Amino acid sequence: MKYLVIGATGNIGSRVAQRLVDSGARPSVFVRSAKRARALFDDHVDIHTGDLEKPGPSLAAALAGVDGVFLVTDGWDLETRDRAVSFAARHAGVRHVVKLSTLDVRTGIGTGPWHARGEEAVRQSGAAFTFIQAAGFMSNALGWSESISRDGVLRSSTGGGKIAFIHPDDIAAVATAALTTRDHDGETLVITGREALSYGEMAAAIGRAIGRPVGFEEISDRQAYADAVQWAGKGPNVDALVDIWRAVRESRLETMTDGVKRVTGREPIPFAQWAAENVASFQ
Ligand SMILES: NC(=O)c1ccc[n+]([C@@H]2O[C@H](COP(=O)([O-])OP(=O)(O)OC[C@H]3O[C@@H](n4cnc5c(N)ncnc54)[C@H](OP(=O)(O)O)[C@@H]3O)[C@@H](O)[C@H]2O)c1
């Protein structure tokens, strides 16, 4: 079987591609930077360069002879890229598209509507699909590294609300299972971490991992927006983030599922483990 990973230089796609390599497969990757792909995977993958903004023949060439695609797209207009890939995939005879989506398709919060439209585009292509509706990623906590390492504090508008962040390796494990078996064709896999934690509890867990206390300070939505604009610029991404943080505060994102266990046979990785693995980022 031949697999193509789109988003292979990113957080989740790189893990999926690496899992495929570790299992003895030789996946293809569709990337904007061959250099970045080579640095990650050496010569264990077939590299196709191109840009989903103007895919053209580069995408068709990458899809030739492929059985399954893992698809990561991002942004308010991700539907256009989901459509371009899934229709090209169907045209090329690809059997199966596994799309990384979000749990928020179910709530309509944040990026949920973007992914709902993306899922619909994949459905319309006629390709067999699996949608992975993931909860917030534990790796989002890397965005807290500056204030934790500098001030020993996490500032957030999430208040005491809780969310069951998921480890990127759990997402990659589920995605790889969906890609390499026929067990989840046509399914929507809703996956979360094993426990819903408040941001204060996650700050404390990072504190335990780094060996010094980390506090939590609640800030207003307005302040959270202003802070996010500093690193992400104004636009729909920041609006979506503030929307998500508000929903966490209002306890609308506490969902937990047994999706990871059902697909992988093991419990999701706890936040404490993620923190221990990422101590260097918070020193
Ligand atoms: N963070 C969360 O809590 C969360 C929760 C649920 C769902 N999600 C969803 O997860 C997805 C993000 O996954 P991730 O964290 O793995 O993303 P990521 O680390 O930001 O990686 C994005 C990947 O897409 C590639 N890419 C971007 N634009 C491209 C283009 N025009 N053509 C070709 N490749 C392009 C990037 O390549 P370059 O290396 O060239 O930039 C990179 O490989 C989004 O759909 C998001 O909504 C996130």
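The values are calculated or read from the model by the stated rules, or taken from the named source; none is laboratory data. Since this is a predicted model, take the numbers as computed values, not measurements. Glycine also receives a Cβ, built like all others from the backbone with ideal geometry; neighbour counts cover every protein chain displayed. When the accessible area is computed, the model is the full protein with side chains, heavy atoms only, and any ligands, DNA or RNA have been set aside. Shrake-Rupley method; radii C 1.70, N 1.55, O 1.52, S 1.80 Å.
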Exactly one of Lys54, Lys99 is under 19 Å from Leu189 (Cα atoms) and either within 18 Å of the chain's Cα centre (by Cα) or within 9 Å of the ligand (Cβ to nearest atom) (or both), and that one is Lys99
Among all residue pairs at least 6 apart or on different chains, which show Cβ distances below 6 Å where the first residue, located in region 119-146, is at negative phi and at pLDDT 95 or above and the second is open to solvent by 30 Å² or more (accessible area, probe 1.4 Å) and near the ligand (Cβ under 10 Å from one of its atoms)? Gln133/Val105; Ser139/Asn11
Which ones in region 1-59 are more than 21 Å from Val94 (Cα to Cα) and either aromatic (Phe, Trp, Tyr) or outside the structural domain of Ser101 (by TED's automatic domain parsing) (or both)? Phe41
Sole miss for Arg117 among (1) basic (Lys, Arg); (2) assigned to a strand (DSSP E or B); (3) touching an Asp or Glu at 6+ places or on another chain (Cβ under 6 Å) is condition (2)
Using beta carbons and a limit of 6 Å, which pairs, at least six apart or on different chains, have the first residue in region 154-181 and of a type in the set (Asp, Glu) and the second one surrounded by 21 or more Cβ atoms within 10 Å (Cβ to Cβ)? Asp170/Val260; Asp170/Pro268
Consider Ala134 carefully, then state whether it is within 22 Å of Thr9 (Cα to Cα) and touching a strand residue (DSSP E or B) at 6+ places or on another chain (Cβ under 6 Å). yes
Give me a count of the residues in region 108-154 that are within 17 Å of Ser281 (Cβ to Cβ) and either open to solvent by 40 Å² or more (accessible area, probe 1.4 Å) or touching a Cys at 6+ places or on another chain (Cβ under 8 Å) (or both). 8
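Among the listed residues Thr80, Thr73, which satisfies the condition of being hydroxyl-bearing (Ser, Thr, Tyr) and touching a Leu at 6+ places or on another chain (Cβ under 8 Å)?
Details: Thr80 fails: touching a Leu at 6+ places or on another chain (Cβ under 8 Å).
Sole residue among the options that is hydroxyl-bearing (Ser, Thr, Tyr) and touching a Leu at 6+ places or on another chain (Cβ under 8 Å): Thr73.
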Which one of the conditions (1) farther than 30 Å from Ser251 by Cα; (2) among the aromatic types (Phe, Trp, Tyr); (3) within 8 Å of the ligand (Cβ to nearest atom) does Phe70 fail to meet, given that it meets all the rest? (3)
Tabulated pairs, region 103-116, first free of Cβ contacts under 8 Å to residues at least 12 places away in the same chain, second open to solvent by less than 20 Å² (accessible area, probe 1.4 Å) and β-branched (Val, Ile, Thr), C-beta under 7 angstrom, 6+ apart or interchain: Gly112/Thr102
Tell me which of these Gly259 doesn't satisfy, since it passes every other one: (1) surrounded by 16 or more Cβ atoms within 10 Å (Cβ to Cβ); (2) assigned by TED's automatic domain parsing to the domain that holds Ile148. (2)
Turns out the helices (runs of 4 or more DSSP H) fully within region 157-270 with at least 2 residues that are of a type outside the set (Val, Ile, Thr) and under 19 Å from Thr102 (Cα atoms) are 168-180, 236-249, 259-264
